[in-house]
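These notes concern the structure reproduced below.
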Amino acid sequence: MGCGRVGSALAKGLHRFGHSVAVIDRDDSAFRRLGPDFTGEQVLGVGFDRDTLLKARIRDAHAFAAVSSGDNSNIIAARVAREQFGVETVVARIYDAKRAAVYERLGIPTVATVPWTTDRLLRAILPDGMITEWRDPSGTGAIINLPYHPGWAGRPLVQLEEAIGVRTAFIVRFGKGVLPDVDTVVQEGDVIYAATLSGETKQVAERAADSPAEAS
């Protein structure tokens, strides 16, 4: 739902990958953004209207994305798709980060525009190696790709966590995800994904650069 810049780009991307796509918008001129190569369905109407959704074959849909310019329209449409039509994969774009957090708790995944954009900018500004992989809708919590001193190899992971001030979410070891426990030891080449507060990423990066001796 929504054939603005985001909606049209999403529709064209899915179409390129061979998916069957239906796009809903209340403005007929918006469909021009899809271009001449788009052969999916173009449905004129309100995205949370039952008849409009049925015309877009919502009953056959694997996923529904509400990406219009209005928060209220997006969340209503997302809830209708989920609750009335049983679409398993539903996502809504929300400009208001506080609202996004509420809807996440209701079980509707959201893309909060401001925190997401902020995160992309932080990726470009923060030191090399400090990559935010995920940020919660409020923008306060983050999962980071943790750069750490090679001296931590062979030492217990819990010591690294205590020294740097993070909680490990998971480790990628030899290309496979591993959930750590209290006995996990850091191995050379481990990629550690850790949870921290967004406002503390700079301090975490500084502490992570220290050797175990300096950290203690």
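State whether one or more residues within region 63-74 are closer than 25 Å to Tyr103 by Cβ and among the acidic types (Asp, Glu).
Pass one, region 63-74, residues closer than 25 Å to Tyr103 by Cβ: 63-74.
The next check asks that each one be among the acidic types (Asp, Glu); those that pass are 71.
Yes, because at least one residue in region 63-74 is closer than 25 Å to Tyr103 by Cβ and among the acidic types (Asp, Glu).
Okay, residues lined up against (1) within 19 Å of Gly18 (Cα to Cα); (2) at pLDDT 90 or above:
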residue	(1), (2)
Asp37	yes, yes
Asp60	yes, yes
Ser73	no, yes
Ala78	no, yes
Arg99	no, no
Arg105	no, no
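Which numbered condition trips up Ala215, out of (1) farther than 30 Å from Ala97 by Cα; (2) at pLDDT below 85; (3) exposed (fewer than 12 other Cβ atoms within 10 Å of the Cβ)?
(3)
Only one of these is charged (D, E, K, R) and loosely packed, with under 12 Cβ neighbours inside 10 Å: Asp60, Asp71. Name it.
Every option except Asp60 fails the conditions.
Which is within 17 Å of Val23 (Cβ to Cβ), in a loop (DSSP other than H, G, I, E, B) and out of contact with any Lys or Arg (no Cβ under 8 Å at 6 or more places or on another chain), of Val46, Val87? Spell out how you get there, then give the answer.
Working: Val46 fails: out of contact with any Lys or Arg (no Cβ under 8 Å at 6 or more places or on another chain).
The conditions single out Val87.
In region 25-84, what residues are among the basic types (Lys, Arg) and either in contact with a strand residue (DSSP E or B) (Cβ under 7 Å, 6 or more places away or on another chain) or under 15 Å from Gly2 (Cα atoms) (or both)?
Of the residues in region 25-84, the ones among the basic types (Lys, Arg) are 26, 32-33, 50, 55, 57, 59, 79, 82.
Once the filter is applied, which keeps residues that are among the basic types (Lys, Arg) and either in contact with a strand residue (DSSP E or B) (Cβ under 7 Å, 6 or more places away or on another chain) or under 15 Å from Gly2 (Cα atoms) (or both), region 25-84 yields Arg26, Arg32, Arg33, Lys55, Arg57, Arg82.
What are the residues in region 13-27 that are under 27 Å from Asp96 (Cα atoms) and assigned to a helix (DSSP H, G or I), if any?
Answer for region 13-27, where residues must be under 27 Å from Asp96 (Cα atoms) and assigned to a helix (DSSP H, G or I): Gly13, Leu14.
Restrict the check to region 126-135 and report whether at least one residue is part of a strand (DSSP E or B), of a type in the set (S, T, N, Q), modelled with pLDDT of 90 or more and within 26 Å of Tyr103 (Cα to Cα).
Kept after step one, since they are part of a strand (DSSP E or B), are these residues of region 126-135: 131-135.
Next, only the ones that are of a type in the set (S, T, N, Q) stay: 132.
From what's left, modelled with pLDDT of 90 or more: none.
No, because not a single residue in region 126-135 is part of a strand (DSSP E or B), of a type in the set (S, T, N, Q), modelled with pLDDT of 90 or more and within 26 Å of Tyr103 (Cα to Cα).
How many of the residues making up region 148-184 are surrounded by fewer than 16 Cβ atoms within 10 Å (Cβ to Cβ) and either of a type outside the set (A, V, I, L, M, F, W, C) or assigned to a loop (DSSP other than H, G, I, E, B) (or both)?
18
Given the residues Gly18, Gly7, which is the only one that is in contact with a strand residue (DSSP E or B) (Cβ under 7 Å, 6 or more places away or on another chain) and either farther than 30 Å from Thr140 by Cβ or in contact (Cβ under 8 Å) with a residue 60 or more places away in the chain (or both)?
Gly7
Looking at (1) surrounded by fewer than 18 Cβ atoms within 10 Å (Cβ to Cβ); (2) of a type in the set (Val, Ile, Thr); (3) in contact with a strand residue (DSSP E or B) (Cβ under 7 Å, 6 or more places away or on another chain), which is the one condition that is false for Thr196?
Unmet for Thr196, out of (1) surrounded by fewer than 18 Cβ atoms within 10 Å (Cβ to Cβ); (2) of a type in the set (Val, Ile, Thr); (3) in contact with a strand residue (DSSP E or B) (Cβ under 7 Å, 6 or more places away or on another chain): (1).
Would you tally the residues in region 12-25 being at pLDDT below 95 and buried (at least 16 other Cβ atoms within 10 Å of the Cβ)?
So the answer is 3.
Exactly one of (1) modelled with pLDDT under 70; (2) surrounded by 17 or more Cβ atoms within 10 Å (Cβ to Cβ) is unmet by Val90. Its number?
Of everything listed in (1) modelled with pLDDT under 70; (2) surrounded by 17 or more Cβ atoms within 10 Å (Cβ to Cβ), Val90 misses just condition (1).
Taking the stated definitions as given, is Ser29 surrounded by fewer than 19 Cβ atoms within 10 Å (Cβ to Cβ) and either assigned by TED's automatic domain parsing to the domain that holds Thr140 or free of Cβ contacts under 8 Å to residues at least 24 places away in the same chain (or both)?
When the stated conditions are applied, Ser29 passes them.
The values are calculated or read from the model by the stated rules, or taken from the named source; none is laboratory data. In this text the structure is predicted, and so the values were computed from the model without any measurement. Heads up, the Cβs are rebuilt from the backbone with ideal geometry, glycines too, and the neighbour counts pull from every protein chain shown.
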